[in-house]
Structures are given as C-alpha cells and as structure tokens.
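The values are calculated or read from the model by the stated rules, or taken from the named source; none is laboratory data. Values in this document were obtained by computation on a predicted structure and should not be read as measured data. Cβ coordinates were reconstructed from backbone atoms using ideal geometry, including for glycine residues, and neighbour counts include every protein chain displayed. When the accessible area is computed, the model is the full protein with side chains, heavy atoms only, and any ligands, DNA or RNA have been set aside. Shrake-Rupley method; radii C 1.70, N 1.55, O 1.52, S 1.80 Å.
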Amino acid sequence: MTDVRHWPCDACGADLRFAPGQTQLVCDHCGHVQKIPEAAPWETARLRELPLADALADRLPASDSELRRTTPCPSCGALVEFEGATHATRCPFCATPVVVGTGETRLIKPQALIPFQLTEREAREAMVGWLGRLWFAPNGLQQYARKGRALSGIYVPYWTFDAATRSRYTGQRGDAYYTTRTVTVKVDGRPQQRTVTERHIRWTPVSGHVARDFDDVLVMASHSLPRSYTEGLAPWDLSALTPYRADWLVGFTAEGYTVGLAEGWEHGKEIMAQVIRGDVLRDIGGDEQQVHGVQTSYAQETFKHVLLPVWMAAYRYNGKSYRFVVNGQTGRVQGERPWSVWKIAFAVVALILAGIAAYVAQHR
C-alpha cells in the first residue's frame, strides 16, 4: 500500500511538505512554516504494546484497523493504495504501471513512526559517497546518481515484538584437558625425540534453563525490498519512535504491510531463537558446547505496527537497473553492487604486468 498525504498551506493553499530533521511543515511555494503540534498524552499512550494473541485471533478493536483500496504491484509485489477517483499509478518501488483492483483490504493501523531526519540532499550525498567507496564501481554511475532524479522518501512498514521467554535445554559441556607424549621425528635425516602436547575434550551431559525478556524485536513487514537491504540498514534507534500522526507523512509515501502479523511473528521468533541459543551456550559454559535441544515458552507477547524512514533511488545505467536505499535516520546505505568491466580488466592487466616484472627481476 502506498499512501501519499497532502496538507494545504494556511497562507497560500499550496501543498506543504514535512521538513526532515525538524518538527514543522514547509510550503515550497510561499515559504510559510507550520509547526506540527506535539503529541497529546493520550496519543503517546498509543505506543503501548497491543496483545498479540488478540490480533492473531482477529479480536482487536475495530478502531485499530482500517479499510484500504489496494492492489499488488505485478512486478515487485508492493501493496499499492489508490486514493479518491485515482484508477492508475506507478509503483514507487519499481515504477511499474499499476491499475486499481476491485477489492478492499483491512489493515492494522500504524501506531508509531520515526520521522525522516535526513533531507533528500543529505541522503543523496550518503549514497554517492557509498558508491565512491566501492571497488570497481563505474565512475559514470556515481556521476549519474549525483545528478539524477530526486530520491523518493518512503515510510517502510515493520512489526516490533515483545515477549518474556523461558527456555529449557539439553546438551553437553566440553572441558579441555591436555596430555603430553614423546614422539620420534626425523631432523636432517636423523631421528630425534620430542614432547608434544595434545588437547582433549571431556564431555559431560547437561541440562538447564535460561530466561530472557525481548523488547522491540524488529521485523520488516514488506517484500518490496530485499531483506539483505533492509537488514543492512540497521541499527535503528527505536527510542525515536513517535506516535503516528498523518502530519509526518506530508510529502512522503507510506507503504502498507504485505507480511502479515502471523508470518512476522514467526520470523520474530527465529530472531529470538538465535539470541536464546547464545544464552544457552553461555549457560552451559566450559571450553566447548553441544546443544541437543531447546524448548521455549512465550508469555506476555505484544506487538506494534511502526513505519521507518527510507530514501530510495532506482537508476538505469548502461542497460542495467540499480536500486539503492538510504536509512532516513542514520544515512546508512545499501544497494545493488555495480561493477565496471573496464576497471576490472585494467586491474587484471596490471596484476599480470606486475607478475611479469617480478619474474623478470628474479631471473636477471
């Protein structure tokens, strides 16, 4: 789903836009500035976690969800929303033409977001700098990106999960011990005796339990961007989450989630399991560990639906498409790795010439 909001300027009626890194809306037409009101106490309370069990059983209050007129992008799968009388648009992720469908989708409302901190210019500079640090990247693409069309600011959907876990495990603890023995070796054709030290492991069956409370385990709720991209944008400072207000979206796009809550929870448990395994290894102790099984119970499971800021650019260069994303909070960049065939060829030739020169020098 994409949701583009428009706010009229109080002075001239033109569209306002949110100014990244600030708490105000700016009119590009007349320069008028309107401050975004601070969240009221009752709005801040909306950041409280929602009960996961109720949501999975479709027992959330109707006020926590809304109907949206949407259709999936046939190319990348992003859920595109249509407002008013609009019947066709382009997908903000891949620019594929999309025509409105006939159905409506009920979606959980976002509870919070992190407002954009980087301007489009700052995000572009971060992206161009990232390209410049890549070995064998084509210079032309870097210049094209510097002068190309504006980046798109998109709020990407995420789930956050909280849970109190208790895990029982079985395994083995390995404690190292050392022995010495005498061996006979040949040195310059003559036998010599030497003492060698050998490492052994004494294994002991163990069992026990570990407990951990998880807070805000973050799971992307969309398939429109490769997971490697979005994971590479981490970490996010979730302490900057702000109660959701439509004002923060002015001039930006907000994508709807295509990873359902149940699927997101399963991924969240996989993330938790990796942390729990580390806890188990530390609890077993010793010099080496073997984990035979872990059984985890979950309690106090809650979740939030949040939006995180991403600047995105897609360029077509020398017949190939390249897509880049920039963390709108920190400036961290991820994207498709471009290669320059000429740079690689020159590097190979240089290595060959260096090898020939070294060979000649050794055999003079």
Residue by residue through segment 233-242, the couplings from Karplus 6.51 cos²θ - 1.76 cosθ + 1.60 with θ = phi - 60°, in Hz, x for Gly and Pro, are 7, 5, x, 10, 8, 6, 5, 8, 4, 10
Per the charge dipole of segment 240-295 (beta-carbon charges, Lys/Arg positive, Asp/Glu negative, Cα centre), the residue among Met272, Gly251, Gly286 reaching farthest to the positive end is Gly251
Sequence order, segment 106-116: Karplus ³J(HN,Hα) from phi using 6.51 cos²θ - 1.76 cosθ + 1.60, θ = phi - 60°, Hz rounded, Gly and Pro as x, gives 8, 10, 5, 5, x, 9, 7, 8, 9, x, 4
Calc'd 3J(HN,Hα), segment 204-214, phi into Karplus 6.51 cos²θ - 1.76 cosθ + 1.60 (θ = phi - 60°), Hz, glycine/Pro = x, comes to 10, x, 9, 8, x, 9, 10, 9, 8, 9, 9
In nm, the gap between the two label points placed 7 Å beyond Cα toward Cβ at Lys109 and Ala240 is 2.5 nm
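Between Ala150 and Leu47, what length comes free when the chain is fully extended (0.36 nm per residue of separation minus the Cα-Cα distance, one decimal in nm)?
Using 0.36 nm per residue and subtracting the Cα-Cα distance, I get 33.8 nm.
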Given a Förster distance of 45 Å, the FRET efficiency implied by the Cβ-Cβ spacing of Val275 and Asp188, rounded to the nearest 0.05, works out to 0.25
Segment 183-235 accessible area per residue, 1.4 Å probe, protein heavy atoms, integer Å², reads 67 Å²
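Scan segment 222-298 for trypsin sites (Lys or Arg not before Pro) in coil per DSSP, keeping those whose Cβ has at most 16 other Cβ atoms within 10 Å, and list them by number.
On the way: sites: Arg227, Arg245, Lys269, Arg277, Arg282; in loops: Arg245.
Filter output for segment 222-298: Arg245.
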In nanometres, the difference between 0.36 nm per residue of separation and the alpha-carbon distance of Ser228 and Asp283 is 16.7 nm
Rounded to a whole %, the carbon-and-sulfur portion of the accessible area of segment 166-292 at a 1.4 Å probe is 45 percent
On the formula 1/(1 + (r/R0)^6), with r taken between the Cβ atoms of Trp203 and Thr179 and R0 of 22 Å, the FRET efficiency rounded to 0.05 is 0.85
With a Förster distance of 22 angstrom and the Cβ-Cβ distance between Ala164 and His292, calculated FRET efficiency to the nearest 0.05 equals 0.35
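If the chain between Arg121 and Ser65 were fully stretched, how many nm would it gain, using 0.36 nm times the residue separation less the Cα-Cα distance? Each step should come with its number before you reach the end.
Details: separation 56, 0.36 × 56 = 20.16 nm, distance 3.49 nm.
Between Arg121 and Ser65, full extension yields an extra 16.7 nm.
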The answer for Gly328, listing residues at least 5 apart or on another chain whose modeled amide H is closer than 5 Å to its amide H, is Val310, Trp311
